[in-house]
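The structure under discussion appears below in the form of C-alpha coordinates.
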Amino acid sequence: MDRIYNGMRARDLGTEGWRRPWSGENGGNCLEVRKLPDGRVALRQSTDPDGPALIYTREEIAAFIRGVKEGKADFLLS
(Lines give C-alpha, C1' and ligand atoms only; values in the text may rest on other atoms or scores of the structure.)
Protein backbone atom coordinates (compact mmCIF):
# COMPACT_ATOMS: atom_id res chain seq x y z
CA MET A 1 0.00 0.00 0.00
CA ASP A 2 2.79 2.40 -0.84
CA ARG A 3 0.70 4.63 -3.10
CA ILE A 4 -3.02 4.77 -2.37
CA TYR A 5 -5.10 6.83 -4.77
CA ASN A 6 -8.69 7.26 -5.84
CA GLY A 7 -9.62 4.80 -8.59
CA MET A 8 -6.86 2.27 -7.91
CA ARG A 9 -7.67 -1.43 -8.17
CA ALA A 10 -9.40 -2.37 -4.93
CA ARG A 11 -7.54 -5.70 -4.88
CA ASP A 12 -4.26 -3.74 -4.58
CA LEU A 13 -5.44 -2.63 -1.14
CA GLY A 14 -5.46 -6.28 -0.04
CA THR A 15 -8.19 -8.79 0.51
CA GLU A 16 -8.42 -8.56 4.30
CA GLY A 17 -10.41 -6.01 6.24
CA TRP A 18 -13.24 -5.35 3.79
CA ARG A 19 -16.66 -5.21 5.48
CA ARG A 20 -20.23 -5.26 4.20
CA PRO A 21 -22.18 -3.19 6.71
CA TRP A 22 -25.25 -3.13 4.43
CA SER A 23 -25.10 -6.75 3.22
CA GLY A 24 -28.23 -8.77 2.74
CA GLU A 25 -30.51 -5.83 2.09
CA ASN A 26 -30.13 -5.58 -1.66
CA GLY A 27 -29.85 -9.04 -3.20
CA GLY A 28 -26.08 -9.39 -3.15
CA ASN A 29 -25.12 -6.04 -4.65
CA CYS A 30 -23.11 -4.84 -1.71
CA LEU A 31 -20.98 -1.83 -1.11
CA GLU A 32 -17.87 -2.88 0.81
CA VAL A 33 -15.86 -0.58 2.98
CA ARG A 34 -12.38 -0.77 4.47
CA LYS A 35 -10.68 1.57 6.92
CA LEU A 36 -7.11 2.20 5.78
CA PRO A 37 -4.15 2.45 8.18
CA ASP A 38 -3.90 6.23 7.70
CA GLY A 39 -7.58 6.76 8.62
CA ARG A 40 -8.92 7.11 5.08
CA VAL A 41 -11.80 4.92 3.94
CA ALA A 42 -11.95 2.82 0.76
CA LEU A 43 -15.21 1.77 -0.90
CA ARG A 44 -15.68 -0.90 -3.56
CA GLN A 45 -18.45 -2.84 -5.25
CA SER A 46 -18.58 -6.38 -3.86
CA THR A 47 -19.36 -7.90 -7.25
CA ASP A 48 -16.18 -6.36 -8.70
CA PRO A 49 -13.36 -6.71 -6.12
CA ASP A 50 -10.76 -6.06 -8.83
CA GLY A 51 -12.53 -2.88 -9.89
CA PRO A 52 -11.74 0.64 -8.76
CA ALA A 53 -11.74 1.73 -5.14
CA LEU A 54 -13.01 5.12 -4.14
CA ILE A 55 -10.82 6.63 -1.42
CA TYR A 56 -12.22 9.19 1.03
CA THR A 57 -10.77 11.04 3.98
CA ARG A 58 -12.23 10.48 7.40
CA GLU A 59 -13.68 13.99 7.24
CA GLU A 60 -15.39 13.31 3.90
CA ILE A 61 -16.99 10.12 5.22
CA ALA A 62 -18.10 11.91 8.40
CA ALA A 63 -19.72 14.71 6.35
CA PHE A 64 -21.47 12.15 4.15
CA ILE A 65 -22.85 10.22 7.13
CA ARG A 66 -24.03 13.43 8.81
CA GLY A 67 -25.75 14.50 5.59
CA VAL A 68 -27.49 11.15 5.20
CA LYS A 69 -28.72 11.27 8.79
CA GLU A 70 -30.09 14.77 8.14
CA GLY A 71 -31.99 13.52 5.07
CA LYS A 72 -29.85 15.39 2.52
CA ALA A 73 -29.51 12.27 0.33
CA ASP A 74 -33.18 11.31 0.35
CA PHE A 75 -33.55 12.66 -3.21
CA LEU A 76 -31.49 9.69 -4.39
CA LEU A 77 -34.34 7.34 -3.41
CA SER A 78 -37.16 9.06 -5.29
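Per-residue answers, yes or no, for (1) assigned to a strand (DSSP E or B); (2) modelled with pLDDT of 90 or more:
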| residue | (1), (2) |
| --- | --- |
| MET1 | no, no |
| TYR5 | no, yes |
| PRO21 | no, no |
| GLU32 | yes, yes |
| ASP50 | no, yes |
| ILE61 | no, yes |
| ILE65 | no, yes |
Qualifying residues in segment 67-78 (those that are part of a helix (DSSP H, G or I) and of a type in the set (A, V, I, L, M, F, W, C)) - the one surrounded by the fewest Cβ atoms within 10 Å (Cβ to Cβ):
LEU77
With criteria (1) surrounded by 11 or more Cβ atoms within 10 Å (Cβ to Cβ); (2) within 18 Å of TRP18 (Cβ to Cβ), THR47 comes up short on (1)
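The values are calculated or read from the model by the stated rules, or taken from the named source; none is laboratory data. In this text the structure is predicted, and so the values were computed from the model without any measurement. Heads up, the Cβs are rebuilt from the backbone with ideal geometry, glycines too, and the neighbour counts pull from every protein chain shown.
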